[in-house]
Amino acid sequence: MSEPFDATNLDEVIHGKLRLAIMAYLSAVSDATFGEIKQRTSASDGNLSVHLRKLEEAGYVEIEKRFVDRKPQTRAALTQTGRTAWLAYLDQLRALIQP
């Protein structure tokens, strides 16, 4: 029989609802603009900013700010650390649902 699932091992940085959505979306694209992430997650500007900052502080997301056609643009991408953490998180969820 396998070991019982231990929810305390879930990555708290990823496990929040909006951060989970951000990580899922960024795992499927090379990078995305703030607007794209906002649209995909239905987050407000302020809420998205806070959660992107938390992911950035954890080293999971890299934020790049630049100007495109004289307009500011923020882009986000998973770091290698973030991708590794995301895959580990998915493995933990798989362990929960495996018989």
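The values are calculated or read from the model by the stated rules, or taken from the named source; none is laboratory data. Quick caveat: nothing in here was measured; it's all calculated off a predicted structure. Using ideal geometry, Cβ is built from the backbone for each residue, glycine included, and neighbour counts are taken over all protein chains shown. The protein model used for the area step is the full one, side chains on, heavy atoms only, and it has no ligands, DNA or RNA in it. Shrake-Rupley method; radii C 1.70, N 1.55, O 1.52, S 1.80 Å.
Restricting attention to segment 4-38, the residues being of a type in the set (A, V, I, L, M) and open to solvent by 50 Å² or more (accessible area, probe 1.4 Å) number 3. Considering segment 75-99, the residues that are at pLDDT 95 or above and polar (S, T, N, Q) include one that is most open to solvent (accessible area, probe 1.4 Å), namely 80. The single condition from (1) closer than 28 Å to residue 96 by Cα; (2) in contact with a Ser or Thr (Cβ under 9 Å, 6 or more places away or on another chain) that residue 64 fails is (1). Going through 10, 55, 87, 18 one at a time, which residue ends up being among the aliphatic types (A, V, I, L, M) and touching a strand residue (DSSP E or B) at 6+ places or on another chain (Cβ under 6 Å)? Selected residue: 55, the only one of 10, 55, 87, 18 that is among the aliphatic types (A, V, I, L, M) and touching a strand residue (DSSP E or B) at 6+ places or on another chain (Cβ under 6 Å). Please determine, by comparing only the residues of segment 39-69 that are at positive phi and open to solvent by 100 Å² or more (accessible area, probe 1.4 Å), which one is modelled with the lowest pLDDT. Result: 69.
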